[in-house]
Amino acid sequence: MYSNRLKGMSVSSIDDLSKLPFTTRWDLLSAYPYGALAVSLSDVCLMLSSSGTTGSPILTFYTEADYKLWMERLVRNLKLVGIGKGDVFTNTSNQGMFTGRGYSEAASLAGAASIPVGPASPEKHLKLMVELGVTSFHAIPSFALKMANVARDSGLADKLRLRKAVIGAETWSESTRRRIEESLNVDAYDNYGVAELGGPGIAIECSEKEGMHVWADHYLIEVVDPETGERVSEGEEGELVVTTLTREAMPLIRYRTGDIVKLLPSDCSCGLETPKISRVKGRIDEMVKVRGISLYPKIIEEVASSMPELTGEFQIVLSGIDDITVKVEVKKWVKDVDRVVSELKRRIKELTLLSVAVEPVEEGGIVHQGKAKRVVDLRQL
Ligand code: ZN
């Protein structure tokens, strides 16, 4: 993939990095299946894929050395948030080609008793957690939220012995975090990964929960203006661009992740000195422009999960020329749905300046395949 593109270019210092072209998702899609593989296929020990929230999957390859370093980074993640010996850990992630599976083995390596449960209903996961005395888990936020709602409504919360959770692979707001933490009585940490770049194990929050530490011995990060590609200053929003430093099977140079973050000051009260990034605000391809206003789904999530009458699950449907409908799940016990709907409209208007239609659906009525699809665009443009 790179041999032609980088022909004649030379790099002699880290400052020269900006002379090199970006790598995009499109490059990887066109390189399918093996164009982005930088070693012989016989040196590959594992192939996984991006969970494909949009369109075709992108493969990600590991040599034995890549796999070993991946596990090392995930063990670091777990230890940083305090998961290790003495813990009973469940991985609620799909154990197929989704890179979230890495946490199952990493938890064993970190000293925990690991249970790779994989996909099951929130009820089944919670039952197992109670029966087996589970203390920690890994999940995507939309699933953790489902478990939180079930635990609260079924009274199971008091029987759980959870302490820590590692959550990631989708954008999630602080109000979703509060709901997960309060309902499951757990300390929940955000972590960042991208399948194409090797999966989770790029960055994670420490106990301060003020941004994520980047494992800079494996990943070099830049934050750029998505329009111009120029680097933005610390504290300014931009697109996260990542260069892998240690991957053998699939090294990527200046990969445009599509995720909007800020570069934060690297000094942290936890004592770790690594580059830090903010939690992800949203994906560039998820941002919708409605009546001239830029809207990230996260802001709707923030509102939806701050209201106890709603499950926090939602979907934004765009239709007509510029009509926006927010679908939300209303909890079973709610009687005055109309009041909840007008309150939600009011809060959305206050935060986004947009008047939206709200369509209440029953609990469990919004279903996603794998990762949550937050925006459905049916507009005739
Ligand atoms: Zn820290």
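Derivation of every value follows stated rules applied to the coordinates shown; laboratory data play no part. Everything numeric in this text was worked out from a predicted model, so none of it was measured. Cβ coordinates were reconstructed from backbone atoms using ideal geometry, including for glycine residues, and neighbour counts include every protein chain displayed.
At a Förster distance of 35 Å, what's the computed FRET efficiency of Asp16 paired with Leu41, Cβ-Cβ distance as r, to 0.05?
0.65
Zone of Ile321 (label point 7 Å along Cα→Cβ, backbone N under 15 Å): which residues in the range 353-381?
379-381
Find how much the distance from Gln380 to Asn185 grows on full extension, using 0.36 nm per residue of separation minus their present alpha carbon separation; answer in nm with one decimal.
Going from the current span to full extension adds 65.7 nm.
For Glu205, what residues show an amide H to amide H distance below 5 Å, using hydrogens built from the backbone and excluding near sequence neighbours?
Asp190, His213
Identify all aspartates and glutamates with a Cα-Cα distance to Lys159 below 12 Å; exclude those on the same chain that are fewer than 8 residues away in sequence.
Those aspartates and glutamates meeting the cut-off are Glu131.
Would you mind calculating the relative contact order of the chain from Cα pairs under 8 angstrom and at least 6 residues apart, reporting the percent as a whole number?
13 percent
Per-residue ellipticity at 222 nm for the chain, helices alone: DSSP H runs ≥ 4 residues times -39500 (n - 2.57), over residue total, nearest 500 deg cm²/dmol?
Helix contribution divided over all residues of the chain: -7500 deg cm²/dmol.
Under 23 Å from the Cα of Lys7, which lysines turn up, not counting those fewer than eight places away in the same chain?
Hits, sequence-local ones excluded: Lys19.
Among all the lysines, which ones have a C-alpha under 24 Å from Lys327's C-alpha, if same-chain residues fewer than 8 places away are not counted?
Lys146, Lys281, Lys289, Lys298, Lys335, Lys345, Lys349, Lys371, Lys373
Quick one: Karplus J couplings for the range 218-225, per residue in order, coefficients 6.51, -1.76, 1.60, θ = phi - 60°, nearest Hz, x for Gly and Pro?
Ordered by residue, 3J(HN,Hα) equals 10, 9, 9, 10, 9, 10, 10, 5 Hz.
Report, please, the projected area of the range 176-267 averaged over directions, based on the convex hull of its C-alpha atoms, in nm².
Averaging across all directions leaves 6.9 nm² for the Cα convex hull.
Rounded to whole Å and sorted largest first, what semi-axes of the equivalent ellipsoid does the C-alpha gyration tensor of the range 102-187 yield via the square root of 5 times each eigenvalue?
Each semi-axis is √(5λ); the values are 19, 16, 11 Å.
Remind me, what semi-axes does the range 74-138 give for its equivalent ellipsoid, largest first in whole Å, using sqrt of 5 times each Cα gyration tensor eigenvalue?
18, 15, 8
Calculate the length of the line joining the C-alpha centroid of the range 214-241 to that of the range 99-118, in whole Å.
30 Å
Can I get the semi-axes of the range 287-377's equivalent ellipsoid? Compute them from the C-alpha gyration tensor as square roots of 5 times the eigenvalues, in angstrom, largest first.
20, 16, 11
What Kirkwood hydrodynamic radius, in Å, does the chain give when the mean of 1/r is taken over all pairs of distinct Cα atoms and then inverted?
Over the chain, the inverse of the mean reciprocal pair distance is 21.8 Å.
Fully extended, how many nm does the chain gain between Ser207 and Glu227 (0.36 nm per residue separation, minus their Cα-Cα distance)?
So the extension gain works out to 3.8 nm.
With Rg and the Kirkwood Rh both taken from Cα atoms, where does Rg over Rh land for the range 61-285?
Rg/Rh: 0.97.
Calculate one ³J(HN,Hα) per residue across the range 161-174 by plugging θ = phi - 60° into the Karplus curve 6.51 cos²θ - 1.76 cosθ + 1.60, and present them in order as whole Hz with x for glycine and proline.
10, 5, 10, 9, 9, 10, 10, x, 5, 9, 6, 8, 8, 5
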